[in-house]
Amino acid sequence: MTKQQPPVDGYCEQCGFNYDTGDLQGTVTLLIRQSADCSMALTKAAAGPDASVVRLRPEPEVWSAIEYACHVRDVLEVQRLRIAQCLAEDRPVYAPMDRTGRVKQEKYENQDPMEVAAALVRNAKDFGAAARVLRPQELGKLGLYNYPVRAPRTLGWIIRHTAHEIQHHRHDIVEILAKVEPPIVPKPKVEAAEEAEEAEELDAAAVEEAAVEGAVVEEVVD
């Protein structure tokens, strides 16, 4: 996943996420909706004429669509567990997710895209359920976060950061699939015109044949 590192505060110019706007409920709703977008993009590509496109990297060091989708799925689970840890502990220290190591350890590239898509949506709903019920004093609780640098972060920030992860990687998945999916090439106009002409000739022949059959029937009746 070698790309420009997105910000973890303020406004992200790459995907448009803003850490400084939106309330808790709106942020969680956005997260769930955009998780569904990631899932739909993956399943649509996997069900297309070439299912292997979900495993193609646009560049050697840039993740494929399924690798990003697996990452999003796992981020949602890890962040939900961090919410639980923060509520249970005083000043928790969160274990690193090891996002790059997971790609090979969990064999993201070989996972079933339909199963990944379903788990992604399920994890988004579970994360949302855990986040929606947090009270203001709980949102202010601090824990020691490791990414991108070791620093104390509130639960409120963790929720916003998770929403940013989803929005940012939704953008990544859509952008990557647009690069690697085979284009839908329309038929040449000449070929389309020839097919239309053939159809017209067949229709005319059918009408003529029907007229002949009608004349024969009339002769028999007379």
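Here is how the numbers come out for the structure above:
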| read-out | value |
| --- | --- |
| Most to least packed among 80-89, 16-25 [average Cβ atoms within 10 Å] | 80-89, 16-25 |
| Solvent accessible area, Å² - Val93, 1.4 Å probe, full protein context | 80 |
| Counting all C-alpha pairs of the range 16-167, share separated by more than 19 Å (%) | 54 |
| For the range 124-140 versus the range 1-46, the gap between their alpha-carbon centres in whole angstrom | 17 |
| Shape of the range 10-64, Cα gyration tensor, a/c cut at 1.5 | oblate |
| Rg to Rh quotient for the range 90-167, alpha carbon positions, Kirkwood Rh | 1.02 |
| Cα gyration tensor of the range 25-91 - equivalent ellipsoid semi-axes, whole Å, descending | 30, 15, 9 |
| Which of Gly156, Gln137, Met114, positive extreme of dipole for the range 90-176 (C-beta unit charges) | Gln137 |
| Using a Förster distance of 30 Å, the FRET efficiency for Glu61-Arg132 (Cβ separation, nearest 0.05) | 0.20 |
| The range 1-130: relative contact order in percent, alpha carbon pairs under 8 Å with at least 6 residues between | 33 |
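The values are calculated or read from the model by the stated rules, or taken from the named source; none is laboratory data. Note that this is a predicted model, so its numbers are computed, not measured. For neighbour counting, all protein chains shown are included, and Cβ atoms are generated from backbone atoms with ideal geometry for every residue, glycine included. Note: accessible area is taken over every heavy atom of the protein model, side chains too, but ligands, DNA and RNA are not part of it. Shrake-Rupley method; radii C 1.70, N 1.55, O 1.52, S 1.80 Å.
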